[in-house]
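> Shown below is the structure under consideration.
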Amino acid sequence: MAIITCTVIWPVYGFSILGAMIFGLGIYDLFQKNHTILRNFPVLGHMRYLLEMIGPEINQYFVENGTDGKPIDRNHRSYIYERAKLQNKTHPFGTELNVEEENYKWMKHSIYPSEILKEPPRVLIGGPDCKQTYSASVFNISAMSYGALSKNATMALNLGAKEGDFFQNTGEGGISEYHLKGGDLVYQLGTGYFGCRTMEGSFLPEKFEENAAKTAVKMIEIKLSQGAKPGHGGVLPAAKNSKEIAEIRGVKPHTNIHSPMGHQAFKNSEDLLLWVKELRELSQGKPIGFKLSIGDKQEFIDICEKMIETGIKPDFITVDGSEGGTGAAPIDFSDYVGMPWEKALIFVVDTLNGYDLKKDIKIITATKIIRSFDIFRALCLGADLCNSARGMMFALGCIQALRCDTNKCPTGITTNNPSLMRGLVVEDKWKRVKNYHNETVKEFLELFAASGCKKLSDLNRSFIFKQIETDIKCYEEVYPTITAGKYLQ
C-alpha cells in the first residue's frame, strides 16, 4: 500500500514543484528589465535564447551542405578528419564545386608526370648571417599559444610534430612545459613579450636568451601583426588566464590580457632590423624572422629598402592574410582590416624579388592552408613552406563549435576547464596530428608529380589558373613575376 501511495503522490508532487518553478520564472520574466523578449513572452521567450545558443550546431549538422560552411566547410573538415584517422581518402561521384564560378582555381598537370619523390622535400632556412640553419618541412603547425589552447592540445601538437618531423609555432604566449615534449619549436615574440618581459611589459633580453637557448627552439619569429586582427594585438580572456599561464607569460592571473597594438622594442623599419640583429646575437645565430599581415604597402617597401641600406636581413618572413584564424578578435578587425592572403603573399614575394632579397629570405605563409592543393598553390605563388592552425585543430578533433573565446570548447582544445580538457586524450590525438601532416604532404607529392615537376624550384605561377569572369588565366598572366633586382635598376 505504501508503495502504491508513493507511486501516486510523487509524480503529482513533482509536477507541482515543476509548475511552481515555471510560474516563478514567468513572474520573474514579466518584471525583469534587461530582455524585451522575456517581458513580452515570459517562459516561452527562453526558447529563443536556447536556439540562439545552439545555432552553430543546428546550422552545422542540419542546414549546411558540403561546400558552404563557414569559416571552414564540411568537405574540408572531412578531408582533415579522414587523413587524421587514416580512413578512406577518396571522394565519390566527382567534384561538388562549381567549376565555372568566379575565382574557381585549378592546377595544370602533365601527360608526362614525374616520379613521386620517395622522401618529402625539406626547406633550409637561414641567410648569410645565420649560424644555426634549420631544415623545415613544407607543412607545419602555425602559431597557437598555450592559454588559447589547452595543455592537452599543446602537448598533442608537440608530440605530433616530434614524430612527424615538422615544427610547432608556440604563438605569442611563451614556452610552457607542454611545448617541450620533443618537437621542434618556433618561438614567437608578440607585442606583449610574454615569457621574456618585465612585469611592466618591457622586453627582457636575459629571459629571451634563456628561452632561445633551449634545444627545442629552432627559430624565432617576431609577430608584427596577425591576419585575423592586424593592428590589434592578442587577447587572452580572464577565464583562460590561470595562475600557471600567468606565470609563464609574466602577467597577473585571472585578468583579461591584451597585447599592446605595437612593439616597444622598435618604432621604425631600421629599429626593427636592428632588433632582428640583436635577437640573432642573443640566440647564438638561430634563424630570426617576422610575421605580418600587409596593410600599408609602403611600410613593407621601407623595410626592404632598409635591408639594402643596412645589410641586415631576416632569415624568413611569415605572411598572413586577413582570412586568418583566431580564438578571439573584434569582428570588424576580422572582417575589414588587412589585405587578403593571395594578394598579400604575391606582394611580399614580388617586393622581395624586386629588391633582390628573396634569395636570402624564405617565405612562410599561413591562412586556411588545409589541403595538399593549398600547399601546392602557395608554393607556386612564391612561398617556400606553409603553416596551418585550424587544420591542425581539426586533426585534434575540433568540430568548429565557435566557442574558442568562451573557455567552453566542447572538444577540450581551446579551454582550460579540466572537465572539458579530459576529453582530449593526448596519447590518441598526437597520432592524428602526425597522420594529418604525413598524409597531406604525401598527397602534395602526388600533385607535385602530376605537374611534371622534379624539384620545388620548378613551381611557378604558370601552374595555377583561375576563372576571371568568362575567361581563364594563369597566375603568371594575372600577377606577372617580378625579376630579381628590378626595383634596384
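The values are calculated or read from the model by the stated rules, or taken from the named source; none is laboratory data. Since this is a predicted model, take the numbers as computed values, not measurements. Reconstructed Cβ throughout: ideal geometry from the backbone, glycine too, with neighbour counts over all protein chains shown.
> Which one is nearest to the chain's Cα centre (by Cα), of the residues in region 59-88 that are at pLDDT below 75 and assigned to a loop (DSSP other than H, G, I, E, B)? Before you say what the answer is, go through the steps one by one.
Just the residues of region 59-88 that are at pLDDT below 75, to begin with: 59-70.
Still in the running and assigned to a loop (DSSP other than H, G, I, E, B): 64-70.
Values: Glu64: 23, Asn65: 24, Gly66: 22, Thr67: 21, Asp68: 20, Gly69: 18, Lys70: 15 Å.
If we take residues in region 59-88 being at pLDDT below 75 and assigned to a loop (DSSP other than H, G, I, E, B), then Lys70 is nearest to the chain's Cα centre (by Cα).
> When you go through (1) β-branched (Val, Ile, Thr); (2) assigned to a loop (DSSP other than H, G, I, E, B); (3) surrounded by 16 or more Cβ atoms within 10 Å (Cβ to Cβ) one by one for Thr215, which number turns out not to apply?
(3)
> Where the second residue is surrounded by fewer than 21 Cβ atoms within 10 Å (Cβ to Cβ) and among the aromatic types (Phe, Trp, Tyr) and the first is closer than 20 Å to Thr483 by Cβ and lies in region 340-356, which pairs have Cβ atoms under 6 Å and are six or more apart or on separate chains?
From residues that are closer than 20 Å to Thr483 by Cβ, the pairs are Ile346/Tyr479; Gly354/Tyr487; Tyr355/Tyr487.
> Could you please tell me which pairs satisfy a Cβ distance under 9 Å, a separation of 6+ or placement on different chains, a first residue in region 290-304 that is without any contact (Cβ under 8 Å) to a residue 60 or more places away in the chain, and a second residue that is exposed (fewer than 15 other Cβ atoms within 10 Å of the Cβ) and in a loop (DSSP other than H, G, I, E, B)?
So the pair list comes out as Asp302/Asn268.
> Give just the number: which of (1) farther than 18 Å from Thr318 by Cα; (2) touching a residue at least 60 places away in the same chain (Cβ under 8 Å); (3) not acidic (Asp, Glu) does Leu180 not satisfy?
(2)
> Between a residue in region 205-223 that is outside the structural domain of Val186 (by TED's automatic domain parsing) and any residue that is buried (at least 21 other Cβ atoms within 10 Å of the Cβ) and of a type in the set (D, E, K, R), which pairs come within a Cβ distance under 7 Å, given they are 6 or more apart or on different chains?
Here the result reads none, with nothing in region 205-223 linked to a residue that is buried (at least 21 other Cβ atoms within 10 Å of the Cβ) and of a type in the set (D, E, K, R).
> Another one. State whether one or more residues within region 428-442 are surrounded by 17 or more Cβ atoms within 10 Å (Cβ to Cβ) and either in contact with a Pro (Cβ under 6 Å, 6 or more places away or on another chain) or modelled with pLDDT under 90 (or both).
So in region 428-442, the residues surrounded by 17 or more Cβ atoms within 10 Å (Cβ to Cβ) come out as 429-441.
From the residues that got through so far, the ones that are either in contact with a Pro (Cβ under 6 Å, 6 or more places away or on another chain) or modelled with pLDDT under 90 (or both) too are 441.
Yes, the conditions are met somewhere in region 428-442.
Table: residues versus (1) in contact with a helix residue (DSSP H, G or I) (Cβ under 6 Å, 6 or more places away or on another chain); (2) in contact (Cβ under 8 Å) with a residue 40 or more places away in the chain; (3) in a loop (DSSP other than H, G, I, E, B); (4) not assigned by TED's automatic domain parsing to the domain that holds Phe316.
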position: Phe373; (1), (2), (3), (4): no, yes, no, no
position: Arg377; (1), (2), (3), (4): no, yes, no, no
position: Asn387; (1), (2), (3), (4): no, yes, no, no
position: Phe394; (1), (2), (3), (4): yes, yes, no, no
position: Arg432; (1), (2), (3), (4): yes, yes, no, no
position: Tyr436; (1), (2), (3), (4): yes, yes, no, no
position: Thr440; (1), (2), (3), (4): yes, yes, no, no
position: Glu446; (1), (2), (3), (4): no, yes, no, no
position: Gly452; (1), (2), (3), (4): no, yes, yes, no
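> Here is a follow-up. Look at region 93-136 and say how many of its residues are under 30 Å from Ile468 (Cβ atoms) and not small (Gly, Ala, Ser).
Looking only at region 93-136, we keep the residues that are under 30 Å from Ile468 (Cβ atoms), and these are 93-114.
Okay, now just the ones that are also not small (Gly, Ala, Ser), so 93, 95-109, 111-113.
Total satisfying the criteria: 19.
> Just to be sure I understand, how many residues within region 181-203 are buried (at least 16 other Cβ atoms within 10 Å of the Cβ), of a type outside the set (Gly, Ala, Ser) and part of a loop (DSSP other than H, G, I, E, B)?
Here the count works out to 5.
> If a residue has to be touching a residue at least 60 places away in the same chain (Cβ under 8 Å), part of a strand (DSSP E or B) and aliphatic (A, V, I, L, M) to count, how many in region 459-473 make the cut?
Looking only at that region, the number is 2.
> Of the residues Val348, Val319, only one is closer than 18 Å to Thr191 by Cα and either crowded, with 22+ Cβ neighbours inside 10 Å or outside the structural domain of Gly231 (by TED's automatic domain parsing) (or both); which?
On the way: Val348 fails: closer than 18 Å to Thr191 by Cα.
Val319 is the lone residue from the list that is closer than 18 Å to Thr191 by Cα and either crowded, with 22+ Cβ neighbours inside 10 Å or outside the structural domain of Gly231 (by TED's automatic domain parsing) (or both).
> So, in region 354-395, how many residues would count as being surrounded by fewer than 23 Cβ atoms within 10 Å (Cβ to Cβ), of a type in the set (Phe, Trp, Tyr) and touching a Ser or Thr at 6+ places or on another chain (Cβ under 8 Å)?
Residues that pass the stated criteria total 0.
> Which of the following residues is under 22 Å from Gly147 (Cβ atoms) and surrounded by 14 or more Cβ atoms within 10 Å (Cβ to Cβ): Glu244, Glu270, Glu278? Let's see the steps before the verdict.
Values: Glu270 fails: under 22 Å from Gly147 (Cβ atoms); Glu278 fails: under 22 Å from Gly147 (Cβ atoms).
Answer to the selection: Glu244.
> State whether the residues of region 181-194 include one that is of a type in the set (Val, Ile, Thr) and within 30 Å of Ile257 (Cα to Cα).
Within region 181-194, the first condition is being of a type in the set (Val, Ile, Thr), and the residues that meet it are 186, 191.
Then drop every residue that is not within 30 Å of Ile257 (Cα to Cα), which leaves 186, 191.
Scanning region 181-194 turns up at least one residue that is of a type in the set (Val, Ile, Thr) and within 30 Å of Ile257 (Cα to Cα).
> Can you name the residue in region 396-408 that is touching a residue at least 40 places away in the same chain (Cβ under 8 Å) and surrounded by 17 or more Cβ atoms within 10 Å (Cβ to Cβ) and is also farthest from the chain's Cα centre (by Cα) among such residues? Outline the logic, then answer.
At the first step, the residues of region 396-408 found to be touching a residue at least 40 places away in the same chain (Cβ under 8 Å) are 396, 399-402, 404-407.
Retained after the next criterion (residues that are surrounded by 17 or more Cβ atoms within 10 Å (Cβ to Cβ)): 396, 399-401, 404-405, 407.
On the way: Leu396: 13, Ile399: 15, Gln400: 14, Ala401: 16, Cys404: 13, Asp405: 15, Asn407: 18 Å.
Only one residue fits best here, namely Asn407.
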